[in-house]
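Every number in this text was worked out from the coordinates using simple rules, so none of it is lab data. Computed from a prediction, not measured in an experiment: that's the story for all the values here. Counting neighbours? That spans all protein chains shown, and the Cβs are built from the backbone with ideal geometry, glycine included.
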Amino acid sequence: MNIDSAIFVAGAATLPGYAVYSELKRLGYRRIITNDDIGLDMNDCTAVNRFFREEHPEYVFVAGSSSGGIGLNRKKPADLMLENLVTATNILSAAHENRTTKLLYLASSCVYPRDCPQPMRVDYLFSGPLEPTSEAYGLAKLAGLTLCRAYRRQYGDNFIVAIPATPFGPDDRSDPDDAHVIDSMIAKMLRAKNEGHEEVVLWGTGAPRRDFIYQDDLGRACVWIMDHYDGELPVNVTGTGPITVAELAEKIRSLVGFNGRVRFDPSYPDGAPVKCLDGSLLRDMGWRPIWNFDEALSVTCKSAQRRLAGDDCGCN
């Protein structure tokens, strides 16, 4: 990409999409378009095709549509699957028809099998059933990943795929019952602290292990991959080592200053027992995350506290 390239970020309202948009702005790119900027409904095939014909974006980042934690995946599996399927098919088809120079599709760690060997490598994709709590969303992301590969093989389109670990950061703002694990824990503990509760109840056993990617590092990685990678294999993007959900809860409890007890309720699902990505391909190409996990988590918690106090302008 050069500084005047026409760049389209599809799904800039999502945390990954906003991370990409923020990094492009930071680097000084002048012609960034988002679907929100122009009021583009990515579920409207006609509107998407018209946009690509008129604006001719040279580079496209596809962050997708809605996503969330176990709560949202259990509550709205059909909505999540349909929105992400339709967005992927509309954007990829229009990018192909209008000869987009390059496209980066962001999948999700949910595309890996539930009982995948660890750390998860791209050659483990399609090797077993997905985690049931996120199956619908994961299948939609697998379809988008496969469609990118199909366009490459049939037409030679330069469509590439990245698979990020669970993203987090100050701009991950959603309902605590529907959010990804970090945002959900922060919201629940802050609410308990401010309302004087002595206990916070979290879903599952606390035993699952996860890795995460801070939003700034995710944005950096996506722009770097767009500039440096042209392969067919997906690229895993991870910024942390594995941490158990219980260890994560204790870190957040300390950072937000909640002095009560944290109790896990095993009647609720854990999700996959372990989800840790093998990031060796990206590391071997020369990319490294900048943010230390504890520092990034601290920034995220402080932002949430400011927001709750009414001191956050919403410009993180």
Through the Karplus equation 6.51 cos²θ - 1.76 cosθ + 1.60, θ set to phi - 60°, convert the phi angles of segment 296-307 into ³J(HN,Hα) values in whole Hz; use x for Gly and Pro.
5, 5, 4, 4, 5, 5, 5, 5, 5, 5, 4, 4
V235 long-range amide H proximity, modeled H, under 5 Å
V161, A162, I163
Quick one: of the DSSP bridges fully inside the chain, what percent are antiparallel, nearest 5?
5
Bins of 20 Å, starting at 0 and running to the largest distance - Cα pair percent for segment 6-309
35, 57, 8, 0
List residues of segment 189-206, by number, whose backbone nitrogen lies under 18 Å from a label position 7 Å along Cα→C-beta of R261.
189, 192-193, 196-206
Taking the Cα centre of the chain as origin, work out the dipole magnitude from +1 charges on Lys and Arg Cβ and -1 charges on Asp and Glu Cβ, in debye rounded to 20.
240
Which value in deg cm²/dmol, rounded to the nearest 500, describes the helix-derived mean residue ellipticity at 222 nm for the chain, given -39,500 (n - 2.57) per DSSP H run of n ≥ 4 and division by the residue count?
-13500 deg cm²/dmol
Identify all lysines with a Cα-Cα distance to K25 below 20 Å; exclude those on the same chain that are fewer than 8 residues away in sequence.
K102
For segment 215-226, just list the computed ³J(HN,Hα) in residue order, Karplus coefficients 6.51, -1.76 and 1.60, θ = phi - 60°, integers in Hz, with x standing in for Gly and Pro.
4, 5, 5, 5, x, 4, 5, 5, 5, 5, 4, 4
Residues whose placed amide H lies under 5 Å from that of D157, excluding near-sequence neighbours:
R152
Among the listed pairs K188/K251; K75/K302; K76/K251; K141/K251; K76/K302; K75/K141, which have their C-alpha atoms separated by more than 23 angstrom in this model?
K75/K302; K76/K251; K141/K251; K76/K302
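Over segment 131-244, what number does the Rg to Rh ratio reach, with both radii from the alpha-carbon atoms and Rh per Kirkwood?
With Rg and the Kirkwood Rh in hand, the quotient comes to 1.07.
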In whole angstrom, the spacing between the Cα centers of segment 256-304 and segment 1-57 equals 28
Find out how many positive minus negative residues lie around R26, taking Lys and Arg as positive, Asp and Glu as negative, among other residues whose Cβ is under 11 Å from that of R26.
0
Amide hydrogen neighbours beyond the local backbone of I33, cut-off 5 Å, H modeled:
I7, F8, V9
Could you tell me how many degrees, from 0 to 90 and to the nearest 10, lie between the Cα long axis of helix 245-256 and the main elongation axis, the longest principal axis, of the Cα atoms of the chain?
80
Once phi is turned into θ = phi - 60°, what whole-Hz ³J(HN,Hα) does the Karplus curve with 6.51, -1.76 and 1.60 give for every residue of segment 13-25, x standing for Gly and Pro?
7, 7, 4, x, x, 5, 4, 5, 4, 5, 5, 4, 5
Efficiency by 1/(1 + (r/R0)^6): what FRET value for E195 and Y268, r their Cβ-Cβ distance, R0 = 25 Å, to the nearest 0.05?
0.70
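D123 to S280: extension gain in nm, 0.36 nm per residue of separation minus the Cα-Cα distance?
55.2 nm
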Report the residues of segment 261-280 in range of a label on D115: point 7 Å along Cα→C-beta, backbone N strictly under 13 Å from it.
273-274
